[in-house]
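Chemist: Next up is a structure, given as C-alpha cells.
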Amino acid sequence: MSEAHDTASADHRLPISQTYDWSQTTPTTAVVETVAAAAGRDPTDLDLLGDAVDPDALNALVEPAMPAPPTQLRVTFTYHDYTVTVAQDGRVTLCARDR
C-alpha cells in the first residue's frame, strides 16, 4: 500500500485532497486509491481509469523528470462522479462533479 496523507475531514466532505510521493506511487494508482477511498469502494470495483484519461499520458505529464525541478502542472478530468485534479507536486484532489 502506498503512503498518502489524508487532509479530508472525518466525514469525507468534498473536496478531498491527498498527497503522494510520485517516486513511490504512480499518479494513476494514486487517483484510483483516492477515488476508491472517497467512494467507499474497492479499487477493482471502479470504472477503468483509461475510460476517463490516458493513464500513460497522465503519468508522463505529472511525474517530474529528474533532475529538473517540478513545475506547477495540473491535470483535471472527470472520473467516477468526481472532478479529479492531479498536480505535479503529488496532490490528488477530488471535488463534486458539476452536472
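Read-outs: derived from the displayed coordinates by stated rules, not from any lab. On a predicted model such as this, the values are computed, not experimentally measured, just so you know. Heads up, the Cβs are rebuilt from the backbone with ideal geometry, glycines too, and the neighbour counts pull from every protein chain shown.
Chemist: Starting with the highest mean, order 32-41, 52-61 by the number of other Cβ atoms within 10 Å, averaged over the residues of each peptide.
Modeler: Numbers: 32-41: 17.5, 52-61: 15.3.
For the peptides 32-41, 52-61, the packing ranking is 32-41, 52-61.
Chemist: Whole angstrom only: what separates the Cα centroid of the range 27-67 from the Cα centroid of the range 82-96?
Modeler: Rounded to whole Å, the Cα centres lie 10 Å apart.
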